[in-house]
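What follows is a set of notes on a single structure, which appears directly below.
The values are calculated or read from the model by the stated rules, or taken from the named source; none is laboratory data. Just so we're clear, the structure is a prediction, and the values are computed from it rather than from any experiment. Please note: Cβ atoms are built from the backbone with ideal geometry, for glycine as well, and neighbour counts cover all protein chains shown. SASA here: full protein model, heavy atoms, side chains in, ligands and nucleic acids out. Shrake-Rupley method; radii C 1.70, N 1.55, O 1.52, S 1.80 Å.
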Amino acid sequence: MADIPFDRQFEPSHGKAVEVAPGVRRLTAPNAGPYTFHGTNTYILGRGSVAVIDPGPDDPAHLAALLAATKGEAISQIILTHTHRDHSDGVAALAAATGAATAGQPHRTSRALHAGEANLLDASSDTAFHPDVMLADGDRIDGEGWQLEVVATPGHAANHLAFALDGHDLLFSGDHVMAWSTSIVAPPDGAMADYMASLARLLDRPERRYLPGHGGPVVSAHGFVRSLMAHRRMREAAILDRLAKGDRTIAEIVAALYRETPAALHGAAALSVFAHMEDAVARGLVASDGVPRLDGTFGPATAAR
Ligand SMILES: [Zn+2]
């Protein structure tokens with residue numbers, strides 16, 4: 001696989017807000033895990049009257065730390081990158097404690113569920129979030145001494161938003177681009193075609209430094225984004241190669257391509273291959289027995305067709 005220059009060095013400083021850029025503080029929630037790294041990053045934007053980006057999980061200790069970090073200040077806005085529970089479950093308690101207005105997009109899947117298809121991501125999706133302010137691509141959010149531009153970045157989640165901070169060469173990249181790991185792109189919440197388009201979009205933007213939803217900053221962001229795109233293209237090529245060699249199911253392909261990945265992560269790997277498969281079928285690169293399904297049968301799109 002292509003080498004992605006991951007950076008896993010990170011000091012989470014749980015319970016303590018750390019200034020990571022002028023006017024930007026980061027407070028990492030204590031929800032460490034295989035998909036959350038050291039925990040979800042909650043960002044505090046501005047001084048005095050502040051905005052919070054991603055309150056994180058519904059955790060009384062994290063809420064208390066956030067209120068302590070902003071003692072003497074007013075949290076006036078709560079802005080959400082996407083409705084996965086590790087980012088959004090804490091919205092309700094924070095809004096109740098502060099009266100802050102919420103902004104973002106409600107949960108949605110990237111496509112309708114197929115007949116009989118279960119959404120394996122239901123448990124991690126927060127359908128209870130209904131923002132006071134509905135955000136759309138290109139919208140601007142004003143605060144005291146700062147302005148954000150909303151950058152729609154679907155792929156990891158259909159409603160994923162990133163936020164560019166005016167005049168600071170900074171993008172709050174949520175779970176779209178993270179320095180420590182690739183993002184999970186899993187249907188039906190996520191979609192590979194959207195994800196790749198959202199990566200390409202960032203290359204057309206000027207920001208070179210990202211503050212992600214988990215882990216430390218992404219520096220030299222454009223090079224990093226290019227390596228993420230190359231990684232997915234190589235993964236797609238490997239999948240097409242397995243089909244050419246006779247594999248016909250996602251389970252077979254996962255067994256071949258993820259031999260060195262712990263078996264506990266094979267479910268996530270299957271969803272990732274599924275995301276590639278949907279995209280490859282839509283682009284005519286792969287033949288599918290009916291609508292692409294996780295347990296479907298696939299084959300090379302041969303010249304004979
Ligand atoms: Zn997350």
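Go through the stretch 262-289 and count every residue that is open to solvent by 50 Å² or more (accessible area, probe 1.4 Å) and closer than 17 Å to ALA112 by Cβ.
Residues meeting the conditions: 1.
Can you tell me which condition PRO106 does not meet? The list is (1) within 16 Å of the ligand (Cβ to nearest atom); (2) closer than 30 Å to GLY296 by Cβ, and all the others hold.
The single condition PRO106 does not satisfy is (1).
Can you give me the number of residues within the stretch 33-61 that are away from the ligand (no atom under 12 Å from the Cβ) and either in contact with a His (Cβ under 7 Å, 6 or more places away or on another chain) or charged (D, E, K, R) (or both)?
3
With (1) of a type outside the set (Asp, Glu); (2) away from the ligand (no atom under 16 Å from the Cβ); (3) in contact with a Phe, Trp or Tyr (Cβ under 9 Å, 6 or more places away or on another chain); (4) not in a loop (DSSP other than H, G, I, E, B) as the list, and SER173 as the residue in question, which single condition is left unmet?
Just one mismatch for SER173, condition (2).
Within the stretch 176-227, take every residue that is among the small types (Gly, Ala, Ser) and away from the ligand (no atom under 16 Å from the Cβ) and give me the one that is surrounded by the most Cβ atoms within 10 Å (Cβ to Cβ).
ALA191
Among the numbered criteria (1) in a loop (DSSP other than H, G, I, E, B); (2) hydroxyl-bearing (Ser, Thr, Tyr); (3) open to solvent by less than 60 Å² (accessible area, probe 1.4 Å), which one does TYR43 miss?
(1)
Among (1) within 21 Å of ALA123 (Cβ to Cβ); (2) out of contact with any His (no Cβ under 8 Å at 6 or more places or on another chain); (3) not aromatic (Phe, Trp, Tyr), where does GLY155 come up short?
Every condition holds for GLY155 apart from (2).
Against the definition (over 22 Å from ALA95 (Cβ atoms), in contact with a strand residue (DSSP E or B) (Cβ under 7 Å, 6 or more places away or on another chain) and part of a loop (DSSP other than H, G, I, E, B)), how does PRO12 come out, yes or no?
yes
Given ARG85, ARG140, which one is away from the ligand (no atom under 16 Å from the Cβ), among the basic types (Lys, Arg) and modelled with pLDDT of 95 or more?
Of ARG85, ARG140, the one residue that is away from the ligand (no atom under 16 Å from the Cβ), among the basic types (Lys, Arg) and modelled with pLDDT of 95 or more is ARG140.
Quick one: ALA112 ticks every box in (1) within 14 Å of the chain's Cα centre (by Cα); (2) over 16 Å from THR83 (Cβ atoms); (3) not polar (S, T, N, Q) bar one, so which box is it?
Evaluating ALA112 over (1) within 14 Å of the chain's Cα centre (by Cα); (2) over 16 Å from THR83 (Cβ atoms); (3) not polar (S, T, N, Q) leaves (1) as the failure.
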